[in-house]
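The values are calculated or read from the model by the stated rules, or taken from the named source; none is laboratory data. Just so it is clear, the model here is predicted, and its values are computed rather than measured. Don't worry about glycine lacking a Cβ; one is built from the backbone with ideal geometry, like all the others, and counts go over all protein chains shown.
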Ligand code: BDR
Ligand code: CA
């Protein structure tokens, strides 16, 4: 079993990623850490607890950053994509249990020390918590097995601006700090996630299983697909951004990746928050990131669908 910490800003596709992780026996979830992003950190923590309750999971939930490293607080600007509650309007009640005390960054540091070179951190929100952990402990980067980052768009357009992807845009300085830290990174960006489309017909079929969980996940995902149809006319479904990062933690062969030197533009105007890969045949610096550029989308989608509602549910 691979020990993982899942860092989320729950979020509809974050919820699908949590369900996929909880239902995957290859993964030992040490904890789910939360960050601002799609919603405030308080809402992300609440949503994460609610999703885990629906999954009958008692995984630890540890709240983290409420704002970017160096910029003012941001309230998620993705109401159209994730809904007012961050869950496409399916949130009915508050969670019955509380999050842990302490901070996400401290939790990451403690777990890396407890299980040296064994912890895989999967981030599917802004990189603020991870950057804080690296800043707080100079040995931390060397104690982590690797980091799988859902974020960025190295070879394709962004989704917030022509060049910037949402998780990097939310805290570009944190992303740049992480990329410079020497921590081993696999970047699961829009380069590959935009190829992993989940069609509406599959989501409607979830309801046939007749479980509360299926209705809950189908309700939010139908909302998400509606948002995709507004944003990308003609698209057949929604992108499985955050689930693909979990998929790579389970089975790295879902993707193909190339080592590359990647920097985040933290100052630009037109290319602000862009993940700039040195694609030249003679790059100016050593690679710091493995950038995913290919995905076996069909195999991944089938695997995700076979797990998301629970093993044997479909
Ligand atoms: C990322 O942005 C968020 O809206 C999603 O949850 C995902 O993590 C995709 O750009
Ligand atoms: Ca997310």
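In the set (1) modelled with pLDDT of 95 or more; (2) exposed (fewer than 15 other Cβ atoms within 10 Å of the Cβ); (3) closer than 21 Å to residue 24 by Cβ, the condition left unmet by residue 243 is number (2). Each residue in the stretch 24-45 was checked for being more than 15 Å from ligand 2 (Cβ to nearest atom) and either more than 23 Å from residue 301 (Cα to Cα) or surrounded by 20 or more Cβ atoms within 10 Å (Cβ to Cβ) (or both), and 6 pass.
Of the residues screened, residue 83 is one that is under 24 Å from residue 196 (Cβ atoms), surrounded by fewer than 24 Cβ atoms within 10 Å (Cβ to Cβ) and either in contact with a helix residue (DSSP H, G or I) (Cβ under 9 Å, 6 or more places away or on another chain) or free of Cβ contacts under 8 Å to residues at least 60 places away in the same chain (or both). The condition of being over 29 Å from residue 16 (Cα atoms) and in contact with a helix residue (DSSP H, G or I) (Cβ under 9 Å, 6 or more places away or on another chain) holds for only one of 248, 295, 266, that being 266. Residues in the stretch 184-196 that are crowded, with 18+ Cβ neighbours inside 10 Å and in contact with a helix residue (DSSP H, G or I) (Cβ under 9 Å, 6 or more places away or on another chain): 185, 186, 187, 188, 189, 190, 192, 193, 194, 195, 196. The condition of being buried (at least 22 other Cβ atoms within 10 Å of the Cβ), in contact with a strand residue (DSSP E or B) (Cβ under 8 Å, 6 or more places away or on another chain), modelled with pLDDT of 95 or more and over 16 Å from residue 130 (Cα atoms) does not hold for residue 5.
Quick check: is even one residue across the stretch 210-226 within 16 Å of ligand 1 (Cβ to nearest atom), more than 30 Å from residue 162 (Cβ to Cβ) and touching a residue at least 24 places away in the same chain (Cβ under 8 Å)? Yes, that holds for at least one residue.
Residue pairs whose Cβ atoms lie under 7 Å apart, sitting 6 or more positions apart in sequence or on different chains, and linking a residue in the stretch 182-195 that is over 14 Å from residue 157 (Cβ atoms) to a partner that is assigned to a loop (DSSP other than H, G, I, E, B) and within 15 Å of ligand 2 (Cβ to nearest atom), are 187/151; 187/152. Please specify each residue of the stretch 181-221 satisfying the condition of being closer than 25 Å to residue 53 by Cα and within 16 Å of ligand 2 (Cβ to nearest atom). Within the stretch 181-221, 198, 217, 220, 221 qualify. The residue that is surrounded by the most Cβ atoms within 10 Å (Cβ to Cβ), counting only those in the stretch 273-286 that are part of a strand (DSSP E or B) and more than 14 Å from ligand 1 (Cβ to nearest atom), is 277. Meeting the requirement of 2 or more residues that are more than 16 Å from ligand 1 (Cβ to nearest atom) and over 18 Å from the mean Cα position of the chain (by Cα), the helices (runs of 4 or more DSSP H) wholly within the stretch 1-116 are 41-54, 104-114.
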